[in-house]
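Structure first, then comments.
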Amino acid sequence: MAGALSGAEKRKAAERALSGEYAGSVGKKIVMTRRRRTTTAFRVALGGICTAVCLLLMFCSTFLPVMSYTAAIFSGFLMVVMIVEADMTYAVVTYFAVSLLSVFITPNYEASLLFIMFMGYYPMVKFVLDRSLRTLPRRVIKFLMFNAAVTLYYNVFKYFFTSVDMLEGMEMFGRYALLVLWLLAQVCFVTSDFALTALTEMYITWFRRKILRRK
């Protein structure tokens, strides 16, 4: 009995040592920890590094157009890194820094707008939703957010970037081209959501512990 109590006390002590939790969309299985001794200087430096990497990715997508979506998605994942290693406040500041600087530094407005309008802030919203809501309402809110962002993104390109045809290459679908594009966007969203969860779990449970040696 004494041994069992000792084990329970150890588990409780370990839980108290954690400074936060990150719940994945497949259940609250991913645990996010931050050291209390993490300094402000470290958080600011990490924010600067993540900002620089995001801008570099979006700048490189200018020469490789196929990277436009990949760059925005991976840049969004770096906001998760900021949440894990710093906190939500620093992640929000990093998002605004990347959003502002990308407008002036990155020639590829497609990647910049995709990051600003959805992929940049979605990982932070996902963090909050996955911790506070059940599966069904969480998914409904996510899809509503995504479709609102897609609608805004489409109209911005339609009215401000008239030289860009969002339906280029989809002429074979005729009047259903827009519907097909919308359905493809839903598939891409579901895929990216699962990928974000998997990347986060891999970062926390493997890369952070095995490579960075942070607990």
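A short reminder: the numbers here are calculations on the coordinates, not readings from a lab. What you are looking at is a predicted structure, and each value in this text was computed from that prediction instead of being measured. Using ideal geometry, Cβ is built from the backbone for each residue, glycine included, and neighbour counts are taken over all protein chains shown.
Restricting things to Cα coordinates, could you compute the convex hull volume per residue of region 118-215 in Å³?
Details: hull volume 14.1 nm³, N = 98.
Per residue, the Cα convex hull of region 118-215 comes to 144 Å³.
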Worksheet item: One-quarter of the Cα convex hull surface for region 64-113, in nm²?
Response: 3.3 nm²
Response to the item:
Diffing region 46-54: the Karplus 3J(HN,Hα) column from phi (6.51, -1.76, 1.60, θ = phi - 60°), in whole Hz with x for Gly and Pro, holds 5, x, x, 5, 4, 4, 5, 5, 4
Worksheet entry | Vicinal HN-Hα couplings computed from phi for region 176-192 (Karplus, 6.51 cos²θ - 1.76 cosθ + 1.60; Hz; Gly/Pro x) | 8, 4, 5, 5, 5, 4, 5, 5, 4, 5, 5, 5, 4, 5, 4, 4, 5
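So which chymotrypsin sites (Phe, Trp or Tyr not before Pro) in region 100-157 pass both tests, a DSSP loop state and at most 13 other Cβ atoms within 10 Å of the Cβ?
none
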Worksheet item: Volume per residue, Å³, of the convex hull around the alpha-carbon atoms of region 36-211?
Response: 133 Å³
Worksheet item: Each label point is 7 Å from the Cα along the Cα-to-Cβ direction; what then is the distance between the points at GLN186 and TYR69, in nm?
Response: 1.6 nm
Worksheet entry | Potential extension, THR62-ALA45 segment - 0.36 nm per residue separation minus Cα distance | 3.5 nm
Worksheet item: Ranking ILE49, ILE83 by Cβ neighbours within 10 Å, fewest first, what do you get?
Response: ILE49, ILE83
Item to complete: For LEU152 and ALA52, compute 0.36 nm times the residue count separating them, minus their Cα-Cα distance, and round to one decimal in nm.
Response: 33.3 nm
Fill in: Per-peptide average of other Cβ atoms within 10 Å, ordering 71-82, 56-67 highest first
71-82, 56-67
